[in-house]
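Since the structure comes first, as structure tokens, the remarks are kept for the end.
The values are calculated or read from the model by the stated rules, or taken from the named source; none is laboratory data. The structure displayed is predicted, hence computed values, not measured ones. Note that each Cβ is placed from the backbone with ideal geometry, even for glycine, and that neighbours are counted across all protein chains shown.
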Amino acid sequence: MGTLKIGAALLLSLCSSWVMAAAIQVGQVLPQVSIQEGGELVLSGADIQYQSWKSDQLSGKVYVVQHIAGRGSAKEMNAPLIERIKAAKLQPDQYQTVTLVNTDDAIWGTSGIVQGKLEGSKKEFPWSMMVLDKEGAALNQWQLEKKSSAIIVLDKNRQVRWMKEGALNDDEQNQVMQLVTQLLK
């Protein structure tokens, strides 16, 4: 009887891990997340204000969502892709990059610095959608890796068309750029 319980517990834990790892699935709609603590950065004159943000507002355009831990190392993981996207000069009425920064996953004592840098980026790139997630709501809801970066490509109907956690290599960056171009046609 004890072996059966251990086996059942092991099976349950493996199933739970599989379900958790499958929160974002290509071909499915992006799971809903709502960010209340922090939220979307909105430029009001020279000031930054915050408003609650929900992932279900990501429709009607093609989106590349970059979810990053509030760490320089996570930001740098996919910086080359973001530079390629900027260089492509995609039409803002059809395309949007969303940078979602999780300061709950920042190095201790640095979340204020990370928030300040995000605010500076919003002022430099006012057309970009930037979201501050102080409680890690997206990380938890989407079951993403801590201390990392994830790239998620959404079509106009919020359907996940491509997703990867960690640094993208050149081939993967090409895949993302080709897919975005295709989705914009």
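Among the residues making up region 99-142, those that are of a type in the set (A, V, I, L, M, F, W, C) and in a strand (DSSP E or B) are Leu100, Val101, Met129, Met130, Val131, Leu132. In summary, Thr103 fulfils each of the numbered conditions (1) under 26 Å from Ser34 (Cβ atoms); (2) at pLDDT 95 or above; (3) among the β-branched types (Val, Ile, Thr) with the single exception of condition (2). If you go through region 125-180 and keep only what is of a type in the set (Asp, Glu) and closer than 20 Å to Ala87 by Cα, you end up with Asp170, Asp171, Glu172.
Can you find a residue in region 117-132 that is of a type in the set (Ser, Thr, Tyr) and at pLDDT 95 or above? It would help to see each step written out before you state the result.
Going residue by residue through region 117-132, those that are of a type in the set (Ser, Thr, Tyr) are 121, 128.
So of that shortlist, the ones also at pLDDT 95 or above come out as none.
The answer is no; no qualifying residue exists.
Could we say that Glu145 is touching a helix residue (DSSP H, G or I) at 6+ places or on another chain (Cβ under 9 Å), within 12 Å of Ile68 (Cα to Cα) and in a loop (DSSP other than H, G, I, E, B) here? Answer is yes for this residue. Taken over region 165-176, the residue count meeting the criterion of being in contact with a helix residue (DSSP H, G or I) (Cβ under 9 Å, 6 or more places away or on another chain) and either under 28 Å from Trp108 (Cβ atoms) or of a type in the set (A, V, I, L, M, F, W, C) (or both) is 4.
Among the residues here, Ser128 does not qualify as more than 14 Å from the chain's Cα centre (by Cα) and of a type in the set (Gly, Ala, Ser). Restricting Gln91, Gln66, Gln28, Gln57 to residues that are closer than 23 Å to Leu179 by Cβ, surrounded by fewer than 16 Cβ atoms within 10 Å (Cβ to Cβ), within 15 Å of the chain's Cα centre (by Cα) and of a type outside the set (A, V, I, L, M) narrows the list to Gln57. Of the residues Leu183, Leu168, the single one that is buried (at least 18 other Cβ atoms within 10 Å of the Cβ), under 25 Å from Leu41 (Cβ atoms) and either in contact (Cβ under 8 Å) with a residue 40 or more places away in the chain or touching a Leu at 6+ places or on another chain (Cβ under 6 Å) (or both) is Leu168.
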